[in-house]
Amino acid sequence: MKNPFRFAGITIAAVLLGGCITLDVAGNGTMPDLRRHTLDVVAGVAARPRSFPALAVRPFGARSRYDIRVVRREGAEDFSYLEFERWGEVPADTVTDAVREGLATSGAFAFVSASGDALAVDRFLDGYLLAFDLVKTPKGPWKARFGARLSLSDRDGKMLHTAVYEATRDLPGDSPTGLGPAMAAAVGDAVNRALADWTGAAK
(Lines give C-alpha, C1' and ligand atoms only; values in the text may rest on other atoms or scores of the structure.)
Protein backbone atom coordinates (compact mmCIF):
# COMPACT_ATOMS: atom_id res chain seq x y z
CA MET A 1 0.00 0.00 0.00
CA LYS A 2 1.34 3.45 -0.92
CA ASN A 3 2.31 5.79 1.89
CA PRO A 4 -0.31 8.61 1.90
CA PHE A 5 2.02 10.95 3.80
CA ARG A 6 4.76 10.52 1.21
CA PHE A 7 2.30 11.24 -1.61
CA ALA A 8 0.99 14.36 0.19
CA GLY A 9 4.53 15.60 0.72
CA ILE A 10 5.37 15.25 -2.98
CA THR A 11 2.19 17.10 -3.95
CA ILE A 12 2.87 19.98 -1.56
CA ALA A 13 6.48 20.25 -2.77
CA ALA A 14 5.34 20.39 -6.40
CA VAL A 15 2.84 23.16 -5.63
CA LEU A 16 5.43 25.17 -3.71
CA LEU A 17 8.01 24.72 -6.46
CA GLY A 18 5.54 25.92 -9.08
CA GLY A 19 4.76 28.96 -6.97
CA CYS A 20 8.44 29.73 -6.56
CA ILE A 21 9.03 29.56 -10.29
CA THR A 22 6.15 31.93 -11.00
CA LEU A 23 7.25 34.40 -8.34
CA ASP A 24 10.85 34.23 -9.51
CA VAL A 25 9.93 35.15 -13.07
CA ALA A 26 7.49 37.99 -12.46
CA GLY A 27 7.99 38.91 -8.84
CA ASN A 28 4.29 39.28 -8.10
CA GLY A 29 2.77 35.94 -9.02
CA THR A 30 1.82 36.93 -12.57
CA MET A 31 3.64 36.73 -15.86
CA PRO A 32 4.70 40.09 -17.38
CA ASP A 33 3.08 41.18 -20.63
CA LEU A 34 4.90 40.27 -23.83
CA ARG A 35 5.55 43.42 -25.89
CA ARG A 36 6.35 43.34 -29.59
CA HIS A 37 8.22 46.10 -31.41
CA THR A 38 7.96 46.69 -35.15
CA LEU A 39 10.06 48.33 -37.82
CA ASP A 40 7.54 48.77 -40.61
CA VAL A 41 9.25 51.56 -42.55
CA VAL A 42 12.39 53.62 -42.11
CA ALA A 43 11.98 57.24 -41.09
CA GLY A 44 13.50 60.39 -42.50
CA VAL A 45 14.95 59.15 -45.80
CA ALA A 46 15.52 62.24 -47.94
CA ALA A 47 14.21 62.45 -51.50
CA ARG A 48 16.98 62.53 -54.11
CA PRO A 49 17.20 63.02 -57.87
CA ARG A 50 17.32 59.82 -59.89
CA SER A 51 21.01 58.99 -60.20
CA PHE A 52 21.21 55.20 -60.42
CA PRO A 53 19.83 52.33 -62.51
CA ALA A 54 17.51 49.67 -61.12
CA LEU A 55 18.54 47.96 -57.87
CA ALA A 56 17.76 44.58 -56.34
CA VAL A 57 18.19 44.11 -52.58
CA ARG A 58 19.31 40.66 -51.52
CA PRO A 59 18.29 39.19 -48.12
CA PHE A 60 20.54 40.49 -45.35
CA GLY A 61 22.57 38.29 -43.07
CA ALA A 62 23.04 38.97 -39.36
CA ARG A 63 25.03 38.02 -36.32
CA SER A 64 23.43 34.95 -34.73
CA ARG A 65 22.63 36.83 -31.53
CA TYR A 66 19.87 38.74 -33.29
CA ASP A 67 16.65 36.79 -33.18
CA ILE A 68 13.16 38.01 -32.25
CA ARG A 69 14.24 38.69 -28.66
CA VAL A 70 15.40 42.25 -28.04
CA VAL A 71 19.11 42.48 -27.25
CA ARG A 72 19.91 44.93 -24.46
CA ARG A 73 23.41 46.36 -24.11
CA GLU A 74 24.71 48.02 -20.96
CA GLY A 75 28.37 48.04 -21.94
CA ALA A 76 30.74 47.18 -24.74
CA GLU A 77 31.54 43.66 -23.53
CA ASP A 78 28.23 42.01 -22.67
CA PHE A 79 24.58 41.84 -23.62
CA SER A 80 21.37 40.27 -22.39
CA TYR A 81 18.12 39.13 -23.93
CA LEU A 82 14.87 40.74 -22.82
CA GLU A 83 12.60 37.71 -22.90
CA PHE A 84 9.39 39.77 -22.75
CA GLU A 85 10.45 42.37 -25.33
CA ARG A 86 10.27 40.92 -28.84
CA TRP A 87 10.63 42.09 -32.43
CA GLY A 88 7.70 41.46 -34.73
CA GLU A 89 10.01 39.72 -37.22
CA VAL A 90 13.56 38.42 -37.25
CA PRO A 91 15.78 41.55 -37.44
CA ALA A 92 17.63 40.49 -40.62
CA ASP A 93 14.31 40.16 -42.44
CA THR A 94 12.77 43.38 -41.17
CA VAL A 95 15.93 45.39 -41.92
CA THR A 96 16.08 43.98 -45.45
CA ASP A 97 12.52 45.13 -46.07
CA ALA A 98 13.01 48.50 -44.37
CA VAL A 99 16.20 49.37 -46.26
CA ARG A 100 14.69 48.28 -49.59
CA GLU A 101 11.59 50.41 -49.07
CA GLY A 102 13.65 53.33 -47.82
CA LEU A 103 15.80 53.26 -50.95
CA ALA A 104 12.69 53.03 -53.10
CA THR A 105 11.19 56.04 -51.31
CA SER A 106 14.33 58.11 -51.93
CA GLY A 107 13.77 58.04 -55.70
CA ALA A 108 17.51 57.68 -56.32
CA PHE A 109 17.12 54.45 -58.35
CA ALA A 110 15.11 53.74 -61.48
CA PHE A 111 13.30 51.19 -59.31
CA VAL A 112 14.10 49.04 -56.29
CA SER A 113 13.01 45.42 -55.98
CA ALA A 114 13.68 42.31 -53.93
CA SER A 115 16.22 40.00 -55.55
CA GLY A 116 13.63 37.21 -55.50
CA ASP A 117 11.53 39.18 -57.98
CA ALA A 118 14.08 38.18 -60.67
CA LEU A 119 13.78 41.47 -62.54
CA ALA A 120 16.51 42.80 -64.83
CA VAL A 121 18.64 45.19 -62.76
CA ASP A 122 22.11 46.70 -62.97
CA ARG A 123 22.85 47.07 -59.25
CA PHE A 124 22.67 44.74 -56.26
CA LEU A 125 22.75 45.55 -52.56
CA ASP A 126 23.96 43.09 -49.93
CA GLY A 127 23.82 43.76 -46.21
CA TYR A 128 25.00 42.22 -42.98
CA LEU A 129 23.45 43.29 -39.69
CA LEU A 130 26.09 44.06 -37.05
CA ALA A 131 24.09 45.91 -34.37
CA PHE A 132 20.39 46.00 -33.59
CA ASP A 133 20.44 46.87 -29.91
CA LEU A 134 18.52 48.52 -27.14
CA VAL A 135 21.21 50.46 -25.25
CA LYS A 136 20.53 50.99 -21.56
CA THR A 137 22.17 54.24 -20.48
CA PRO A 138 23.24 55.13 -16.89
CA LYS A 139 20.94 58.15 -17.02
CA GLY A 140 18.74 59.85 -19.55
CA PRO A 141 16.84 58.17 -22.39
CA TRP A 142 17.78 54.71 -23.61
CA LYS A 143 18.91 54.40 -27.23
CA ALA A 144 18.29 52.29 -30.32
CA ARG A 145 21.56 51.38 -32.02
CA PHE A 146 21.79 50.13 -35.60
CA GLY A 147 24.82 48.98 -37.52
CA ALA A 148 25.21 47.18 -40.86
CA ARG A 149 27.69 46.66 -43.64
CA LEU A 150 26.10 47.67 -46.94
CA SER A 151 27.78 46.57 -50.18
CA LEU A 152 26.74 47.87 -53.59
CA SER A 153 27.81 45.90 -56.67
CA ASP A 154 26.98 45.72 -60.35
CA ARG A 155 25.48 42.79 -62.23
CA ASP A 156 28.94 41.54 -63.22
CA GLY A 157 29.89 41.16 -59.56
CA LYS A 158 32.15 44.21 -59.40
CA MET A 159 32.13 45.88 -55.98
CA LEU A 160 31.21 49.54 -56.35
CA HIS A 161 31.14 50.56 -52.70
CA THR A 162 31.15 48.89 -49.28
CA ALA A 163 31.14 50.41 -45.81
CA VAL A 164 29.73 49.97 -42.31
CA TYR A 165 26.95 52.37 -41.38
CA GLU A 166 26.04 52.98 -37.75
CA ALA A 167 23.44 55.24 -36.15
CA THR A 168 21.77 55.71 -32.76
CA ARG A 169 18.53 57.40 -31.81
CA ASP A 170 17.08 58.26 -28.40
CA LEU A 171 13.98 56.55 -27.07
CA PRO A 172 11.38 58.65 -25.24
CA GLY A 173 12.67 57.62 -21.80
CA ASP A 174 14.54 55.06 -19.72
CA SER A 175 12.59 52.01 -20.87
CA PRO A 176 12.06 49.99 -24.08
CA THR A 177 8.93 52.02 -24.93
CA GLY A 178 9.27 53.52 -28.41
CA LEU A 179 12.03 51.16 -29.53
CA GLY A 180 10.47 50.52 -32.96
CA PRO A 181 10.19 54.17 -34.08
CA ALA A 182 13.65 54.98 -32.69
CA MET A 183 15.21 52.07 -34.58
CA ALA A 184 13.35 53.10 -37.75
CA ALA A 185 14.92 56.56 -37.46
CA ALA A 186 18.39 55.07 -36.89
CA VAL A 187 18.06 52.89 -40.00
CA GLY A 188 16.87 55.95 -41.94
CA ASP A 189 20.00 57.85 -40.88
CA ALA A 190 22.19 55.00 -42.15
CA VAL A 191 20.33 54.84 -45.48
CA ASN A 192 20.80 58.60 -45.99
CA ARG A 193 24.54 58.31 -45.36
CA ALA A 194 24.85 55.35 -47.71
CA LEU A 195 23.04 57.21 -50.49
CA ALA A 196 25.35 60.19 -50.04
CA ASP A 197 28.41 57.93 -50.26
CA TRP A 198 27.13 56.14 -53.36
CA THR A 199 26.40 59.44 -55.08
CA GLY A 200 29.91 60.66 -54.33
CA ALA A 201 31.50 57.41 -55.49
CA ALA A 202 29.61 57.58 -58.79
CA LYS A 203 31.10 60.94 -59.74
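Restricting attention to the range 89-136, the residues being charged (D, E, K, R), under 30 Å from Glu77 (Cβ atoms) and not in a helix (DSSP H, G or I) number 4.
Is it the case that Leu55 is surrounded by 18 or more Cβ atoms within 10 Å (Cβ to Cβ), modelled with pLDDT under 95 and farther than 16 Å from Arg149 by Cα? So Leu55 does not fit the description; no.
Going by the structure shown, is Ala182 within 27 Å of Val71 (Cβ to Cβ) and buried (at least 20 other Cβ atoms within 10 Å of the Cβ)?
On the way: within 27 Å of Val71 (Cβ to Cβ): yes; buried (at least 20 other Cβ atoms within 10 Å of the Cβ): yes.
Taking the combined requirement at face value, the residue satisfies it.
Among the conditions (1) at pLDDT 95 or above; (2) at positive phi, the only one that Val70 does not satisfy is (2).
When Val112 is tested against the conditions (1) crowded, with 18+ Cβ neighbours inside 10 Å; (2) farther than 21 Å from Asp189 by Cα, the lone failure is (2). Quickly run through the range 135-151 and pick out the residues that are touching a Lys or Arg at 6+ places or on another chain (Cβ under 9 Å), buried (at least 16 other Cβ atoms within 10 Å of the Cβ) and without any contact (Cβ under 8 Å) to a residue 60 or more places away in the chain. Trp142, Lys143, Ala144, Phe146, listed by residue number. Taken over the range 115-142, residues that are modelled with pLDDT under 95 and over 20 Å from the mean Cα position of the chain (by Cα) amount to 9.
Let me confirm something: among Arg169, Arg145, which residue is in contact with a helix residue (DSSP H, G or I) (Cβ under 6 Å, 6 or more places away or on another chain) and either at pLDDT below 95 or among the basic types (Lys, Arg) (or both)?
Values: Arg145 fails: in contact with a helix residue (DSSP H, G or I) (Cβ under 6 Å, 6 or more places away or on another chain).
Testing whether each residue is in contact with a helix residue (DSSP H, G or I) (Cβ under 6 Å, 6 or more places away or on another chain) and either at pLDDT below 95 or among the basic types (Lys, Arg) (or both) leaves just Arg169.
Are any of the residues in the range 149-158 part of a helix (DSSP H, G or I) and acidic (Asp, Glu)? No. Considering (1) surrounded by 16 or more Cβ atoms within 10 Å (Cβ to Cβ); (2) within 10 Å of the chain's Cα centre (by Cα); (3) among the acidic types (Asp, Glu), the lone condition that Asp97 does not fulfil carries the number (2).
Among the residues of the range 111-118, at least one is in contact with a strand residue (DSSP E or B) (Cβ under 6 Å, 6 or more places away or on another chain), over 19 Å from Thr38 (Cβ atoms), assigned by TED's automatic domain parsing to the domain that holds Arg50 and not hydrophobic (A, V, I, L, M, F, W, C).
Being assigned to a loop (DSSP other than H, G, I, E, B) and basic (Lys, Arg) is the filter here, so list the residues in the range 50-88 that pass it.
Arg50, Arg58, Arg63, Arg65 - these are the residues of the range 50-88 that are assigned to a loop (DSSP other than H, G, I, E, B) and basic (Lys, Arg).
Scanning the range 100-109 for residues that are under 20 Å from the mean Cα position of the chain (by Cα) and crowded, with 19+ Cβ neighbours inside 10 Å yields Arg100, Gly102, Leu103.
The values are calculated or read from the model by the stated rules, or taken from the named source; none is laboratory data. Just so it is clear, the model here is predicted, and its values are computed rather than measured. Note that we place each Cβ from the backbone using ideal geometry, even for glycine, and neighbour counts take in every protein chain shown.
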